[in-house]
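The values are calculated or read from the model by the stated rules, or taken from the named source; none is laboratory data. Here the structure is a predicted model, which is why all the values come from computation and not from measurement. All Cβ positions, even for glycine, are placed from backbone atoms using ideal geometry, and neighbour counts span all protein chains on display. We work out accessible area using only protein heavy atoms, side chains counted, and drop any ligands, DNA or RNA first. Shrake-Rupley method; radii C 1.70, N 1.55, O 1.52, S 1.80 Å.
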Amino acid sequence: FWNDLLVAGSAVAVGGLLTCYYWVYQGTKTKRIPIGDGWWGAGEKPQSEDEKVFPFQVQTSDEEIQDLYDRIDRTRYTEPLKDTGFQYGFNSTYLKKVVSHWRHQFNWKKQIAILNKYPQFKTNIEGLDVHFIHVRPPHREGQRVLPLMLVHGWPGSVYEFYRILPLLTDSLDSLAFEVICPSIPGYGFSEAPHKQGFDTLAAARVFHKLMERLGFSGYYLQGGDWGSIITTNMAQMKPECVKGLHLNMLTNKLRGFGVLFSILIGRYLPWLFGFTREDVRRLFGSVGFMERNFYEIIRETGYLHIQGTKPDSAGCGVNDSPVGLAAYILEKFSTWTDFNNRDLEDGGLERKFTLDDLLTNIMIYWTTGSIVSSMRFYKENLKTNIDNRLDNNTGVYVPTGLAAFPNEVRHVPQSWARDRFRNIYSYSYMPRGGHFAAFEEPQLLADDLLQFVKKVEKL
């Protein structure tokens with residue numbers, strides 16, 4: 001008992017560190033965030049904005065591909081330590097295999113054709129050319145169609161959604177979705193901000209403006225990673241426009257006596273805190289709360305501290321070396337899919353993904369030179385005390401669906417989530433999958449999203 005008390009007290013004491021990035025804001029002092037305005041383009045804001053929406057296609061050139069090959073061929077590798085798997089980061093023995101595939105088998109022009117199979121567009125919002133995919137379902141008699149925005153995170157891109165898009169848009173179900181997938185400004189094909197301060201609140205406002213420009217007044221939102229924060233902010237800004245919010249990344253602040261006592265005795269009296277057996281298993285497991293929710297997070301958030309403080313320093317290297325970029329990003333697709341992958345020499349990458357899919361995401365960052373601007377997003381969101389942010393005192397009152405995947409970086413029970421989300425329609429314990437839900441388990445995520453929307457629509 002006293003050991004548990006020490007563990008719980010320590011967990012609360014380091015709550016701020018644990019939740020620098022992975023948080024669900026608590027507090028319900030206000031019911032919405034003012035939408036405000038901004039300008040992130042180069043130079044001064046003009047008197048009027050060009051609201052034209054124009055088609056976009058991904059392109060490449062032989063020169064771009066040859067430059068990639070030249071840089072790959074000049075790579076210097078460091079031999080891994082014996083029997084380390086992915087514990088020290090991306091194992092260089094397996095990295096050589098990935099790079100060999102990239103250099104000799106991967107066909108970027110073929111992957112571009114896949115990227116271009118869905119209609120893509122750009123439009124200028126607050127001085128930035130915002131890229132988005134817009135997929136309309138085929139007409140089916142009697143089928144209801146609802147607008148849905150999917151928002152990615154880091155180190156992902158809109159390509160994460162290519163396996164789930166047909167499940168949402170080309171379904172024989174009575175309900176289908178018209179899907180909009182924007183690239184966060186500074187990621188992939190969206191222009192990077194030219195001024196400081198572009199955070200999740202700014203992204204939320206830009207995406208509301210995008211939906212308004214496309215003619216939508218009510219729509220559903222789905223997000224993971226940064227996408228979960230951005231879509232949550234959208235629900236806080238204009239709840240009258242958000243018909244429902246579905247998230248696959250949940251986090252909370254480990255603060256307050258209620259959380260302290262639930263950590264302390266929740267494994268013994270779970271019913272007292274609204275914990276289920278599955279909550280207890282995921283929170284405490286065989287290693288205990290402190291190991292699973294503190295030490296593991298510390299081991300896996302070194303990137304966060306770098307990107308939240310000096311992103312341009314580390315970014316300089318990975319923006320110049322394609323192999324360095326691949327190692328930096330793909331290590332996350334290994335570990336965040338399953339922590340146990342750290343013990344494997346190949347990081348378990350090909351258990352859930354193909355190398356072509358993983359390298360396509362890398363190529364989006366490489367060809368657009370967007371890794372540094374994507375890393376800066378952490379700095380912009382963490383440069384001030386997050387407790388003082390307006391959204392920290394704003395509840396979420398729109399209908400909310402929460403999908404808790406077992407291998408997500410942290411587990412948040414529904415009883416904790418209610419402190420933030422006041423209108424939970426569904427909370428699902430997903431049977432498998434980790435952080436990149438749409439990329440790993442598109443069918444599971446699509447099914448959970450569909451059942452949530454049907455509950456909201458009373459279908």
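In this structure the amide hydrogen of residue 428, modeled in the peptide plane, comes within under 5 Å of the amide hydrogens of 402, 403, 404, none closer than 5 places in sequence on its chain. When you count the other C-beta atoms within 10 angstrom of each residue and take the mean per peptide, 171-181, 61-71 line up highest first as 171-181, 61-71.
In a fully extended conformation the segment linking residue 50 and residue 345 would gain 101.1 nm over its present Cα-Cα distance, using 0.36 nm per residue. Across segment 144-287, the relative contact order, built from alpha-carbon pairs under 8 Å that are at least six residues apart, equals 22 percent. Rounded, prolate or oblate for segment 338-438? Axes are the square roots of the Cα gyration tensor eigenvalues, ordered a ≥ b ≥ c, and the cut-off for rounded is a/c under 1.5. Oblate, since a/c reaches 1.5 and b/c is not below a/b. Rounded, prolate or oblate, given the Cα gyration tensor of segment 119-276, with a/c below 1.5 counting as rounded? Oblate shape, in that a/c is at least 1.5 and b/c is the bigger or equal ratio.
Sequence-distant contacts, meaning Cα pairs under 8 Å at least 6 residues apart, place the relative contact order of segment 129-221 at 39 percent. For segment 373-451, the per residue solvent-accessible surface stands at 31 Å², with DNA, RNA and ligands left out and a 1.4 Å probe.
For the chain, complete DSSP H runs whose alpha carbons reach 15 Å or more along their own long axis and whose mean Kyte-Doolittle score is 0.0 or higher are 2-13, 200-213, 226-237, 322-335, 355-368, 442-457. Going by the alpha-carbon gyration tensor, a ≥ b ≥ c the square roots of its eigenvalues, is the chain rounded (a/c under 1.5) or, if a/c is not under 1.5, prolate (a/b greater than b/c) versus oblate? It comes out rounded by the Cα gyration axes. Centre-to-centre, using Cα atoms only, segment 289-304 and segment 308-354 are separated by 17 Å.
Farthest toward the positive end of the dipole of the chain, out of 444, 34, 220, is the Cα of 34, where the dipole comes from beta carbon charges about the Cα centre. Dipole check for the chain: with +1 at the C-beta of Lys and Arg, -1 at the C-beta of Asp and Glu, and the Cα centre as origin, the magnitude is about 1160 Debye. Within segment 218-316, the chymotrypsin sites (Phe, Trp or Tyr not before Pro) that combine a DSSP coil assignment with at most 15 other C-beta atoms in a 10 angstrom radius are 268. Normalised by the number of residues in the chain, the mean separation of alpha-carbon contacts (under 8 Å, six or more apart) gives a relative contact order of 24 percent. Since only 197, 164, 248 are under comparison, the one whose Cα sits farthest along the positive direction of the charge dipole of the chain, derived from C-beta charges on Lys, Arg, Asp and Glu, is 248.
Packing order of peptides 49-55, 96-102, highest average first: 96-102, 49-55 (average count of other Cβ atoms within 10 Å over each peptide's residues). Here the chain carries DSSP beta bridges of which approximately 35% are antiparallel, counting only pairs with both residues inside. For segment 250-361, the Cβ-based charge dipole about the Cα centre amounts to some 760 debye (Lys, Arg positive; Asp, Glu negative; other atoms uncharged).
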